[in-house]
Every structure is written in C-alpha cells, then in structure tokens.
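These notes concern the structure reproduced below.
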Amino acid sequence: MLTSIMDGILCCLAGKSANVVVPIETCEPADGFEFVEVKPGRVLRVRHIVPERAVVTEHANGQGGSVHCKRKITVYRNGQLIIENLGEVVRSELLHCQNGDPEHSSTLEVELSNYNSPATSTGTPDRQLSGQPPVPRRRHRKPKRTVLIDCERKISSCKGTHADVALFFMHGVGGSLDIWGSQLDFFSRLGYEVIAPDLAGHGGSSAPQIAAAYTFYALAEDMRAIFKRYARRRNILIGHSYGVSFCTFLAHEYPEQVHKVVMINGGGPTALEPSLCSIFNLPACVLHCLTPCLAWSFLKAGFARQGAKEKQLLKEGNAFNVSSFVLRAMMSGQYWPEGDEVYHAEIAVPVLLVHGMHDKFVPVEEDQRMAEILLLAFLKVIDEGSHMVMMECPEAVNTLLHEFFLWEPDNSSKPKQETIKSTKDKIHPANGAAQLAAENKP
C-alpha cells in the first residue's frame, strides 16, 4: 500500500498518469485465446472454444415454439410511459398501477421520472358530495412518441450439439474474461461454442492512453466487431453488470441473430449517465493511491462473504486489476442516453434476469423493474449470491443458465389462447417479477 501511495505522489509531481499499459506483444497466445484487432492499434483478447461434438440439426425440423410479440409503447410529454401488450406474453406478473392497487393486466402505465408516485385524481361534484371516492379523470393528450412492435418470433431449445449456437460472455468494469472461468469450462464441456472477450484496458487487451477509447459507444463498437466475427445463426448473450448494457445494445441492433439474453446483476432499464459526485472523478494519480482501498471495498461489496476463498476468486478472475486511468475513464464514459425504458421495451428477445440477493451495487428493485419493462423476461434471485454471483455460486448459475438455454415455449399441441392461459398459471410472480416455471424446465 505504501508503494501505491509513493507511486501516486511521484506521478502527481511529474504530472503524469499512473497508468500501467501492458503491451499486447507481452501477452503470449495460449490455447483457446485469440487476439482480434477491432481497430488499428486496438486489440482485444478473446477466449474462443469450439469443442468437438456430433452435430445435430433437430431444431431445423420444426421444433420449438412461436410467440406473437405485439405491443404498443406510448410516451407522453410529461414523462408518462404506457406499455400495452397486445399479443402473446409468455409470463405473468403482478403489475402495480399508479394508485397502488395491484391487478393483473396487460397494460403497464408508469412515470419515467418517478415510477411509484401516485397519480392525482379528481371526481365529479356529485361523487364528492356523496362521499364516494373520486374517479380518476383522463384527458386526451397527444403522445410525444408511439412505437408499435408486431412480430412473430420462434424460440427453440439451444443445445450444445447444435452447431448454429454460440454463447457470448461479456464482463463489466474492472473484470476480465477470467471471471467466467466456471461458465466457460462448464458449457464448453457440454459442447457449446463459447466466446468471451476482454474489454479494452482489461485483462489481456490493449489499453489505449486516451479517455475517449473507453466511452460506451467505443466499447459497444468493439463488442459489435466481436459479435459479427464469431456470430452463428442462434446466438445467446450473457452479460454481467456493465456488460449487460452491451448485450442490450446487440440484442436491439441484431434481433434476428440474438436468440436469448441473460442479464446478471445488470440493473434497471435506465439511460446511462456518469455521476458528477463520484470518487472516480478524482485525478488518476489520486485513484492510484486509493487502489488498495478500492480493491478492499469491491471485495466487501461484491461478495456476500469476505474470506480467503473470495480473495482467491478475485485473484484468479483477474477482477479489479485495471489501472487507475482505465478505471476513471470507464466510469466517466458511461453515457448512453438512448438506453432508456423505451429502448428496453422494444426488445422482443427472451431474457433471463439473475440477481444476487446480497448485491450492494444493484438493488433487487432495479432488476424487478427491468423484468416489468421487458416483453419476455424471467427473474431468478439467488439467495446466497452477491454482485459476483457467477463466481460465488457457479453450480447454481450454470444450472439456471443451461435450463434457460434449453427452454422453449410449448404451443405445439394446444391452441394459442389455451397455451397462454396454462403458462400464466404455471409462472408465478416472485419478488414482483416473473420466474421460470418448474414445469417448463427441461
């Protein structure tokens, strides 16, 4: 720690950043690792595993289920958002209206600025004199924006024996592809093709010495290049924390190629905007002095337990092992105004939300909010996990992800309306959002 403080003082006196950039030439290629130049001088380390397997094309014989995704999204000038699900919805959740009374409905009406604020209501003079509760009065307003979604989506089981299936794993700030070690080994043994890149400045990827290289748009374009390079016919995106935003971006940009999405502790469907009052706004040399404290804080907040096992997991996962310059640029570059609730509501891809109950970075209410906004969403809360739940509870996360990969709606032998009704009976609202039904698990 004294060494970090002295280095920070020296860099402040010299007027230089305490950024330690590892040249890409020093990273020797290993089995399963590739180095992809997404832009001139911008090289990302990628772990790409293509296991030997017997190719099966049973999905091409008409298996799987179809879901009619139809919804109307209306945004008013006062910030009110109304979502009407007009087609088939493979979930059932308890939606809370603005007056606080829960009711089953296919229409979600919320305020973008304050979701839980009750709506003011007025009544007629007759009802006011009689003592009856006033009836809300709605004025016909011209919407600021209206979005219509009407598509037929086929959802099929994705097995490891299918050659057209690829899994993409994307980490968040301060992580690396090594945090997915348990998942990469597990699914590659099952026959899945797995792709896990290091973000710029993380792991074995190159670290440009310019802050503009770490904005959301720059990193999203990197992930777009990786996706276009390795994408198959049916692709599943798995993101953690900040990596969930890149999965959302790709699912919105490539709806025909993205088959399913997994969001692990990703937060709510809000637009990204850097905080003005954050410790990461301090100069890089000051952050370099505080690196030991930041690492300890991340261990305490990222794991449900802070023991020798968790410290070893951080070391093996190469987590929070980035320079102060990269860390500061990553946090200040999280600006994505397009990624609001309307942007997320337009996604018609099945989404599994995984949340660690002891997460101190992302409250469970944010994932519940995400499940309400998304069209096809399932929320699963792991009681023993925290922010790094895939490292704390690898068996539970791997099993949950595998069940979601194999899941498909069963509407082959029943009429559509009957299928939707039975599905609603099987899926129970837990923690305010929908969860996978046990009967639908393969």
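Of all the numbered requirements in (1) of a type in the set (D, E); (2) open to solvent by less than 30 Å² (accessible area, probe 1.4 Å); (3) closer than 21 Å to Q306 by Cα, D367 misses one, and that requirement is (3).
Selection within the range 320-339: residues that are within 19 Å of the chain's Cα centre (by Cα) and part of a helix (DSSP H, G or I). The member of this set that is surrounded by the most Cβ atoms within 10 Å (Cβ to Cβ) is M330.
Suppose the filter is touching a helix residue (DSSP H, G or I) at 6+ places or on another chain (Cβ under 9 Å) and part of a loop (DSSP other than H, G, I, E, B); does L219 pass it?
Numbers: touching a helix residue (DSSP H, G or I) at 6+ places or on another chain (Cβ under 9 Å): yes; part of a loop (DSSP other than H, G, I, E, B): no.
So L219 does not fit the description; no.
R369 meets all of the listed conditions (1) assigned to a loop (DSSP other than H, G, I, E, B); (2) farther than 30 Å from Q312 by Cβ; (3) of a type in the set (D, E, K, R) but one, namely (1).
Would the range 281-288 turn up any residue that is assigned to a loop (DSSP other than H, G, I, E, B), touching a residue at least 60 places away in the same chain (Cβ under 8 Å) and either open to solvent by 60 Å² or more (accessible area, probe 1.4 Å) or not small (G, A, S) (or both)?
Residues of the range 281-288 assigned to a loop (DSSP other than H, G, I, E, B): 282-283.
Checking the rest, the ones that are also touching a residue at least 60 places away in the same chain (Cβ under 8 Å) come to 283.
When the remaining residues are screened for being either open to solvent by 60 Å² or more (accessible area, probe 1.4 Å) or not small (G, A, S) (or both), the result is 283.
So far as the range 281-288 goes, yes, one or more of its residues are assigned to a loop (DSSP other than H, G, I, E, B), touching a residue at least 60 places away in the same chain (Cβ under 8 Å) and either open to solvent by 60 Å² or more (accessible area, probe 1.4 Å) or not small (G, A, S) (or both).
Return the residues of the range 169-193 that are in a strand (DSSP E or B) and surrounded by fewer than 24 Cβ atoms within 10 Å (Cβ to Cβ); say none if nothing qualifies.
The first filter runs over the range 169-193 and keeps only residues in a strand (DSSP E or B), leaving 169-170, 193.
Within the range 169-193, E193 is the sole residue that qualifies.
Taking into account only those residues within the range 234-261 that are β-branched (V, I, T) and in contact with a helix residue (DSSP H, G or I) (Cβ under 6 Å, 6 or more places away or on another chain), which is farthest from K360 (Cα to Cα)? Across the range 234-261, the extreme among qualifying residues is V258. If you scan the range 248-279, which residues turn out to be closer than 19 Å to A231 by Cβ and either assigned to a loop (DSSP other than H, G, I, E, B) or among the polar types (S, T, N, Q) (or both)? Answer for the range 248-279, where residues must be closer than 19 Å to A231 by Cβ and either assigned to a loop (DSSP other than H, G, I, E, B) or among the polar types (S, T, N, Q) (or both): T248, Y254, P255, E256, Q257.
With respect to A308, determine if the residue is over 20 Å from V342 (Cα atoms), surrounded by fewer than 19 Cβ atoms within 10 Å (Cβ to Cβ) and at pLDDT 95 or above. Walk me through it before giving the result.
On the way: over 20 Å from V342 (Cα atoms): yes; surrounded by fewer than 19 Cβ atoms within 10 Å (Cβ to Cβ): yes; at pLDDT 95 or above: no.
Taking the combined requirement at face value, the residue does not satisfy it.
Take A251 and decide whether it is within 24 Å of L401 (Cβ to Cβ) and either hydrophobic (A, V, I, L, M, F, W, C) or open to solvent by 50 Å² or more (accessible area, probe 1.4 Å) (or both). Give the derivation first.
Details: within 24 Å of L401 (Cβ to Cβ): yes; either hydrophobic (A, V, I, L, M, F, W, C) or open to solvent by 50 Å² or more (accessible area, probe 1.4 Å) (or both): yes.
For A251, the condition - within 24 Å of L401 (Cβ to Cβ) and either hydrophobic (A, V, I, L, M, F, W, C) or open to solvent by 50 Å² or more (accessible area, probe 1.4 Å) (or both) - is met.
For G317, the requirement of being modelled with pLDDT under 75 and either open to solvent by 30 Å² or more (accessible area, probe 1.4 Å) or under 21 Å from the mean Cα position of the chain (by Cα) (or both) is met.
Among the residues of the range 205-216, is there at least one that is modelled with pLDDT of 95 or more, in a strand (DSSP E or B) and within 25 Å of H387 (Cα to Cα)? Looking through the range 205-216, none of the residues is modelled with pLDDT of 95 or more, in a strand (DSSP E or B) and within 25 Å of H387 (Cα to Cα). For V36, are the conditions met, namely being modelled with pLDDT under 85, of a type outside the set (S, T, N, Q) and surrounded by 12 or more Cβ atoms within 10 Å (Cβ to Cβ)? No; evaluated as a whole, the condition is false for this residue.
Of all residues in the range 194-204, which are within 29 Å of P292 (Cβ to Cβ), of a type in the set (A, V, I, L, M) and in a strand (DSSP E or B)? Break it down into steps so the answer makes sense when it comes.
Just the residues of the range 194-204 that are within 29 Å of P292 (Cβ to Cβ), to begin with: 196-204.
Applying the additional criterion that residues be of a type in the set (A, V, I, L, M) yields 196, 199-200.
Matches in the range 194-204: A196 only.
The values are calculated or read from the model by the stated rules, or taken from the named source; none is laboratory data. Everything numeric here is computed off the predicted structure, so don't read it as measured data. As a convention, Cβ positions derive from the backbone with ideal geometry for all residues, glycine included, and neighbour counts pool all protein chains shown. With ligands, DNA and RNA removed, areas are computed over all heavy atoms of the protein, side chains included. Shrake-Rupley method; radii C 1.70, N 1.55, O 1.52, S 1.80 Å.
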